[in-house]
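The block underneath contains the structure these notes are about, expressed in structure tokens.
The values are calculated or read from the model by the stated rules, or taken from the named source; none is laboratory data. On a predicted model such as this, the values are computed, not experimentally measured, just so you know. Because the Cβ atoms are built from the backbone with ideal geometry, glycine has one as well, and the counts that use them run over all protein chains shown. Protein only, heavy atoms only, side chains kept; ligands, DNA and RNA dropped before computing areas. Shrake-Rupley method; radii C 1.70, N 1.55, O 1.52, S 1.80 Å.
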Amino acid sequence: MKGAALRDGQFFDVNTILNYSRENVPRLAAGIGGIQTPQLLIPKGGSFDIGQVDEEAKKLIPLSNIKPVFVRTVLVDDNIDDNLNLSKLLDEQLNETAMRGKDAQLVFLDTREFPDAYTLRGSYIQNNGTITLKLKIKGPKESEHQLSGKTKEELIQQIMELVEGLE
């Protein structure tokens, strides 16, 4: 209702909402050890809008954010690239954490923006076998951090510890 399943970011389209649910239910069910495969049986052209919201209205929708919501990560190196693939690796870790079902400490949405969501942004350099990252956590609780590690995995672990501390 706040944007993940809206057509053009503003229309409550029945088909878009149902397809979003059909695509995400199997992932959510797997996170709690279940298997679900929803089927949609809709006549061709059977979709229609049931509402419209603008950015201000989305902010007023009273959804409970029990868990912090994260969207795609943006991490770049000193060449404004991501040669270490840290953004992808971190997003995969966030998604894996989110798929733990009821035990998940966060929600991850593979989108660029979502109201009241966190995004992890930063730049890194690799020097003498050490990766140093300036990280900004942008969202309801904003913070900046400087992290360093010998491996990508070590750095991702440090970031995840920060993320899990946002509850």
Inset, instruction - May I ask you to verify whether ALA5 is open to solvent by less than 80 Å² (accessible area, probe 1.4 Å), part of a loop (DSSP other than H, G, I, E, B), among the small types (Gly, Ala, Ser) and modelled with pLDDT under 80? - result: yes
Legend entry - the stretch 144-163, residues that are in contact with a helix residue (DSSP H, G or I) (Cβ under 8 Å, 6 or more places away or on another chain) and under 26 Å from PRO115 (Cβ atoms): HIS145, ILE159, MET160, VAL163
Inset, instruction - Confirm whether GLN10 is under 21 Å from LEU109 (Cβ atoms), at pLDDT 80 or above, exposed (fewer than 13 other Cβ atoms within 10 Å of the Cβ) and among the polar types (S, T, N, Q). - result: no
Inset, instruction - Check the stretch 150-159 and report whether any residue there is closer than 30 Å to SER21 by Cα and in contact with a Lys or Arg (Cβ under 6 Å, 6 or more places away or on another chain). - result: no
Legend entry - Spans of strands (runs of 3 or more DSSP E) in the stretch 97-167 with at least 3 residues touching a Phe, Trp or Tyr at 6+ places or on another chain (Cβ under 8 Å) and open to solvent by less than 60 Å² (accessible area, probe 1.4 Å): 130-138
